[in-house]
1. Do we find that residue 72 is surrounded by 20 or more Cβ atoms within 10 Å (Cβ to Cβ), closer than 26 Å to residue 267 by Cα and assigned by TED's automatic domain parsing to the domain that holds residue 268 in this structure?
2. Looking at segment 204-224, which of the residues that are over 16 Å from residue 32 (Cα atoms) and not in a loop (DSSP other than H, G, I, E, B) is modelled with the highest pLDDT?
3. Look through 53, 71, 47 and report the one residue that is within 22 Å of the chain's Cα centre (by Cα), over 18 Å from residue 176 (Cα atoms) and at pLDDT below 95.
4. When you check residue 243 against the structure, is it closer than 18 Å to residue 183 by Cβ, in contact with a strand residue (DSSP E or B) (Cβ under 7 Å, 6 or more places away or on another chain) and surrounded by 14 or more Cβ atoms within 10 Å (Cβ to Cβ), yes or no?
5. If the requirement is being exposed (fewer than 13 other Cβ atoms within 10 Å of the Cβ), touching a strand residue (DSSP E or B) at 6+ places or on another chain (Cβ under 7 Å) and outside any loop (DSSP other than H, G, I, E, B), which of these qualifies: 116, 131?
6. For residue 110, which of the numbered conditions (1) modelled with pLDDT under 95; (2) farther than 25 Å from residue 43 by Cα; (3) surrounded by 14 or more Cβ atoms within 10 Å (Cβ to Cβ) fails to hold?
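The values are calculated or read from the model by the stated rules, or taken from the named source; none is laboratory data. These numbers come from a predicted model, not from an experiment. So basically every Cβ, Gly included, is an ideal-geometry build from the backbone, and we count neighbours across all protein chains shown.
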């Protein structure tokens, strides 16, 4: 069997996997990314809505900060979230948004003066401040006190993934595509890499690493109706669970979004909720 050695092995070539690989490389570690598809075709590209950060540039986000964002996040989870993780997220997201901007994400920007928006299903005119002109704007995604969803038109995932992959290419991070991790190599509760199948030749390859990160994304394909790509099948979760050591957390909190219209599977964007849309069951 062919054996490949590296310091840091990242399973998954989407936004999360590429971001981990960039951080590993910046710390001087040899890093390899495994991906079922070319990185720019990862399912992260399908995300339309945006990413939340308390930048507070738009008039409807005025006064927003990390504490307000944290309170919204905890309340939105019905106090079920890991508050340490929520705190880390709200503290990091403004920095991440600006870093992505420096890496080439063309975030939509505030334009001074009047503009028409939809609030609770009604058209309303709001006036943006002159001094905010050109700053990263935000829109409402529902359930938050302030508008804080940063976006690039309706293709936030696409632009973020392309910028992230371009950064990885710039840093010379190798992405081994058309590769599927089918088992983890582990002994005495320590992971040493993964057994990987080449999807073109069928060859099995052992990737031996000092650190292994599973960043294989969601698993919406477990459901009959989903807008997820066919590669979103939960293989990363499965190989972790098969070790008998790793556990999956908060399985009761599987996110029922993207919302697919039954039976055709067309996406209902999260923006519908921000514009006042209601999600009702069959009994209304």
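1. Numbers: surrounded by 20 or more Cβ atoms within 10 Å (Cβ to Cβ): yes; closer than 26 Å to residue 267 by Cα: yes; assigned by TED's automatic domain parsing to the domain that holds residue 268: yes.
When the stated conditions are applied, residue 72 passes them.
2. Of all residues in segment 204-224, those over 16 Å from residue 32 (Cα atoms) come to 204, 217-224.
Now narrow it down to the ones that are not in a loop (DSSP other than H, G, I, E, B): 204, 220-222.
Values: 204: 98, 220: 86, 221: 87, 222: 86.
It comes out as 204.
3. On the way: 53 fails: at pLDDT below 95; 71 fails: at pLDDT below 95.
Of the residues listed, the single one that is within 22 Å of the chain's Cα centre (by Cα), over 18 Å from residue 176 (Cα atoms) and at pLDDT below 95 is 47.
4. On the way: closer than 18 Å to residue 183 by Cβ: yes; in contact with a strand residue (DSSP E or B) (Cβ under 7 Å, 6 or more places away or on another chain): yes; surrounded by 14 or more Cβ atoms within 10 Å (Cβ to Cβ): yes.
For residue 243, the condition - closer than 18 Å to residue 183 by Cβ, in contact with a strand residue (DSSP E or B) (Cβ under 7 Å, 6 or more places away or on another chain) and surrounded by 14 or more Cβ atoms within 10 Å (Cβ to Cβ) - is met.
5. Details: 131 fails: touching a strand residue (DSSP E or B) at 6+ places or on another chain (Cβ under 7 Å).
Step by step, each of 116, 131 is checked, and only 116 is exposed (fewer than 13 other Cβ atoms within 10 Å of the Cβ), touching a strand residue (DSSP E or B) at 6+ places or on another chain (Cβ under 7 Å) and outside any loop (DSSP other than H, G, I, E, B).
6. Looking at each condition in turn, residue 110 falls short on (1).
This table checks each residue for (1) without any contact (Cβ under 8 Å) to a residue 60 or more places away in the chain; (2) part of a loop (DSSP other than H, G, I, E, B).
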residue	(1), (2)
37	no, yes
40	no, no
45	no, no
55	no, yes
63	no, yes
70	yes, no
73	yes, no
91	yes, no
96	yes, no
